[in-house]
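S.K.: I'd like to ask some things about the structure below.
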Amino acid sequence: MSENLASRLRDVSSAVAAAAADADRDASEITTIVVTKFHPAALVAELADLGVRDVGENRHQEAQAKAAELSGLGLSWHFIGQLQSKKARQVRAYASSIHSIDRPALVDALRSDDDVIDGFVQVNLTDDAGRGGVLPAELDALVEKVLETPGIRLRGLMAVAPLDGEPRRAFARVRELSESVRRTAPEASALSMGMSQDFREAIFEGATHLRIGTLITGNRPTPGLTSN
Ligand SMILES: *Cc1c(COP(=O)(O)O)cnc(C)c1O
């Protein structure tokens, strides 16, 4: 089990390095976040043993429990799922960054005068407004709101490629949107995009934060019945 985990982690790390080289990029500017949702804390601990520092979770209760159990391991917890405003403060308490900022009410809920969390604004690349992320037409206004809200350091944009499209085109669109965001927020140059099936395309379009689950962890156990 852990040998498999170690070898999958090594394989992904080599594949990321190879894609970066093909894209003429420096692999050191790309962070791989291992998405550990639905997996037990023991697996996250194994990953930490193997040198992983960045892990991603998409459900608050589960993430909070694992972060508490593994608090001694020096992990950075990235929150990547849809987030209810009333849970925002609690997520701030253990997460180093939130990749799923998608609406003004959540930005208000994340406001803090005490400390600063890294934030990514998630862009919805589908025609379905019910999916996670802000529609491109509303992106500039949301970015502006994040920039004027204390307690969030805007790192850049996050997106998931739609299932029915060409991932590279989707990521190219995010890159274009990012160029426009950087006219008002030059520091917000990070791009959280690329998963197990499409990280190579994402790297070609400038991804700085990959969110890779199954390719490293193996298949996810069936999710429990508890929700956020
Ligand atoms: C689950 C998840 C991932 C990882 O997906 P894999 O296909 O397992 O690599 C990445 N990003 C988000 C937002 C997710 O929910």
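S.K.: Scan region 35-51 and tell me whether some residue there is farther than 18 Å from THR214 by Cβ, in a loop (DSSP other than H, G, I, E, B), at pLDDT 95 or above and out of contact with any Phe, Trp or Tyr (no Cβ under 7 Å at 6 or more places or on another chain).
M.R.: Yes - at least one qualifying residue is present in region 35-51.
S.K.: Sticking with this structure for a sec: Kindly provide the set of residues from region 25-34 that are away from the ligand (no atom under 13 Å from the Cβ) and outside any helix (DSSP H, G or I), ordered by number. Explain how you work it out, then say what you get.
M.R.: Going through region 25-34, the residues away from the ligand (no atom under 13 Å from the Cβ) turn out to be 25-31.
Within region 25-34, ARG25, ASP26, ILE30, THR31 qualify.
S.K.: Among strands (runs of 3 or more DSSP E) lying entirely in region 131-228, which contain 3 or more residues that are buried (at least 16 other Cβ atoms within 10 Å of the Cβ) and not hydroxyl-bearing (Ser, Thr, Tyr)? Talk me through it step by step, then tell me what you get.
M.R.: On the way: elements: 152-159, 190-192, 209-212.
The qualifying strands (runs of 3 or more DSSP E) are 152-159, 209-212.
S.K.: Now, a different point. Return the only residue of LEU110, LEU75, LEU83, LEU70 being touching a Ser or Thr at 6+ places or on another chain (Cβ under 6 Å) and more than 19 Å from THR214 (Cβ to Cβ).
M.R.: LEU83
S.K.: Within region 197-208, does at least one residue satisfy the condition of being more than 13 Å from the ligand (Cβ to nearest atom), touching a residue at least 60 places away in the same chain (Cβ under 8 Å) and among the aromatic types (Phe, Trp, Tyr)?
M.R.: Looking through region 197-208, at least one residue is more than 13 Å from the ligand (Cβ to nearest atom), touching a residue at least 60 places away in the same chain (Cβ under 8 Å) and among the aromatic types (Phe, Trp, Tyr).
S.K.: Within region 16-46, restricting attention to residues that are hydroxyl-bearing (Ser, Thr, Tyr) and touching a helix residue (DSSP H, G or I) at 6+ places or on another chain (Cβ under 9 Å), which residue is nearest to ALA65 (Cα to Cα)?
M.R.: THR36
S.K.: Name, by its number, the condition in (1) within 16 Å of the ligand (Cβ to nearest atom); (2) touching a helix residue (DSSP H, G or I) at 6+ places or on another chain (Cβ under 9 Å) that does not hold for ARG131.
M.R.: It is condition (2) that ARG131 fails.
S.K.: Same structure again: Restrict the check to region 7-24 and report whether at least one residue is assigned to a strand (DSSP E or B), within 20 Å of ILE203 (Cβ to Cβ), open to solvent by 30 Å² or more (accessible area, probe 1.4 Å) and touching a residue at least 40 places away in the same chain (Cβ under 8 Å).
M.R.: Taking region 7-24 and keeping what is assigned to a strand (DSSP E or B), we get none.
The answer is no, given that none of the residues of region 7-24 is assigned to a strand (DSSP E or B), within 20 Å of ILE203 (Cβ to Cβ), open to solvent by 30 Å² or more (accessible area, probe 1.4 Å) and touching a residue at least 40 places away in the same chain (Cβ under 8 Å).
S.K.: Assigned to a helix (DSSP H, G or I) and of a type outside the set (Asp, Glu): is that true of GLY56 in this structure?
M.R.: For GLY56, the condition - assigned to a helix (DSSP H, G or I) and of a type outside the set (Asp, Glu) - is not met.
S.K.: Here is a follow-up. Output the number of the condition that LYS66 fails; it satisfies all remaining conditions of (1) surrounded by fewer than 16 Cβ atoms within 10 Å (Cβ to Cβ); (2) within 16 Å of the ligand (Cβ to nearest atom); (3) free of Cβ contacts under 8 Å to residues at least 40 places away in the same chain.
M.R.: LYS66 satisfies all of (1) surrounded by fewer than 16 Cβ atoms within 10 Å (Cβ to Cβ); (2) within 16 Å of the ligand (Cβ to nearest atom); (3) free of Cβ contacts under 8 Å to residues at least 40 places away in the same chain except (1).
S.K.: Tell me, please, whether a residue that is assigned to a helix (DSSP H, G or I), within 16 Å of the ligand (Cβ to nearest atom) and modelled with pLDDT of 95 or more can be found in region 72-86.
M.R.: Checking region 72-86: not a single residue is assigned to a helix (DSSP H, G or I), within 16 Å of the ligand (Cβ to nearest atom) and modelled with pLDDT of 95 or more.
S.K.: Mind listing whichever residues of region 91-130 are in a loop (DSSP other than H, G, I, E, B), over 17 Å from VAL181 (Cα atoms) and open to solvent by 20 Å² or more (accessible area, probe 1.4 Å)?
M.R.: Of everything in region 91-130, those that are in a loop (DSSP other than H, G, I, E, B), over 17 Å from VAL181 (Cα atoms) and open to solvent by 20 Å² or more (accessible area, probe 1.4 Å) turn out to be SER96, ARG111, ASP113, ASP114, ASP115, VAL116, THR126, ASP127, ASP128, ALA129, GLY130.
S.K.: Another one. Do you know which residues across region 147-190 are in contact with a Lys or Arg (Cβ under 9 Å, 6 or more places away or on another chain), under 19 Å from SER112 (Cβ atoms) and among the aliphatic types (A, V, I, L, M)?
M.R.: ILE152, ALA188
The values are calculated or read from the model by the stated rules, or taken from the named source; none is laboratory data. Bear in mind that the values here come from a model prediction, so they are computed numbers and not experimental data. Because the Cβ atoms are built from the backbone with ideal geometry, glycine has one as well, and the counts that use them run over all protein chains shown. The accessibility values were calculated without ligands, DNA or RNA, using every heavy atom of the protein model including side chains. Shrake-Rupley method; radii C 1.70, N 1.55, O 1.52, S 1.80 Å.
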